[in-house]
1. Can you run down the residue pairs with Cβ atoms below 7 Å, 6 or more apart or on separate chains, where the first is in the stretch B:51-73 and within 14 Å of B:Leu21 (Cα to Cα) and the partner is not in a helix (DSSP H, G or I)?
2. Given (1) closer than 30 Å to B:Val22 by Cα; (2) modelled with pLDDT under 95; (3) in contact with a Gly (Cβ under 9 Å, 6 or more places away or on another chain), where does B:Met117 come up short, assuming only one miss?
3. Among the residues of the stretch A:18-64, write down those that are assigned to a helix (DSSP H, G or I), open to solvent by 20 Å² or more (accessible area, probe 1.4 Å) and free of Cβ contacts under 8 Å to residues at least 24 places away in the same chain.
4. Applying the selection to the stretch B:67-89, what residues are within 18 Å of the chain's Cα centre (by Cα), farther than 10 Å from B:Leu143 by Cα and open to solvent by less than 30 Å² (accessible area, probe 1.4 Å)?
5. Residues B:Ile93, B:Ile113, B:Ile141: which one is without any contact (Cβ under 8 Å) to a residue 24 or more places away in the chain and more than 14 Å from every other protein chain (Cβ to nearest Cβ)?
6. Can you pull out the residues in the stretch B:74-108 that are over 30 Å from A:Glu17 (Cα atoms) and out of contact with any helix residue (DSSP H, G or I) (no Cβ under 8 Å at 6 or more places or on another chain)?
7. Among the candidates B:Glu14, B:Glu2, single out the residue that is of a type in the set (D, E, K, R), modelled with pLDDT under 90 and closer than 30 Å to B:Ile154 by Cα.
Amino acid sequence: MKNNVKITRMELKMTQEQLSRHVRVTRQTIGLIEKGEYNPTLQLCVAIAKALGKTLDDLFWEVR
Amino acid sequence: MEKTWIRFLLPEDEYKRRNMLVFFAEAAILQLVVMIVLLVISRFEPFPIDSVLVLLWMLFGTIAYIWIRYILSGMEFAEIMTEKAYRRERKVIVIKSTSFLLIMCAGILSLYIFGMMSVPFIEGLMVTFIAALLLFLTNYISLKRSYQKNKELIG
């Protein structure tokens, strides 16, 4: 699933490691989500959205 | 976290946890298929193999399947992203395997000295060497797969 996680994270000047620590997953999981190779659970989506200060719509809704 | 009694076997990380559940499920289905095949065979002709041996092979096969899938998945070393971290971890694996080999050799030697070994000394050493080699190879393959996977995810 394509998403805006990477762009948003980079705008906030946050590293993958920092985000992974925030949401308590591995850096590999964050990398896979950003690449669209892993679909996170709703629980993790919410955690990522909170960590990045965005809504689920901003990050995951109909990304082109 | 999934509501299951095997929670204690599952990792904290969501991606790893999901994959581990898949590996467990695959192993269980394979085990089921093997059991059905063995049951069908046993109905037509007297079974030529000892049933305990069959159970042991099935146990070994199930564990080996999950283990191999885990190693090849490249999930174990999820934080190894850079060449430097890869080299450092490789060194740790070499030290760990060598330490294991030396400690086991010392253990076997002391058992032999005190006459507590029922098998020949050289056999004990060979088993230890094979175990250390397996430990090194599995860790090394897992590290290499993890690094290859993680390299493409850096951003």
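1. B:Tyr70/B:Glu76
2. Of the numbered conditions (1) closer than 30 Å to B:Val22 by Cα; (2) modelled with pLDDT under 95; (3) in contact with a Gly (Cβ under 9 Å, 6 or more places away or on another chain), the odd one out for B:Met117 is (1).
3. Residues satisfying the conditions are A:Gln18, A:Arg21, A:Arg27, A:Leu42, A:Gln43, A:Val46, A:Lys50, A:Leu56, A:Asp57.
4. If the condition is that a residue be within 18 Å of the chain's Cα centre (by Cα), farther than 10 Å from B:Leu143 by Cα and open to solvent by less than 30 Å² (accessible area, probe 1.4 Å), then B:Ser73 is the only one that fits.
5. B:Ile113
6. B:Ser99, B:Leu102, B:Ile103, B:Ala106, B:Gly107
7. Answer to the selection: B:Glu2.
The values are calculated or read from the model by the stated rules, or taken from the named source; none is laboratory data. Keep in mind that this is a model prediction, so the values were computed, not measured. Note that we place each Cβ from the backbone using ideal geometry, even for glycine, and neighbour counts take in every protein chain shown. Accessible surface areas use protein heavy atoms only, side chains included; no ligands, DNA or RNA. Shrake-Rupley method; radii C 1.70, N 1.55, O 1.52, S 1.80 Å.
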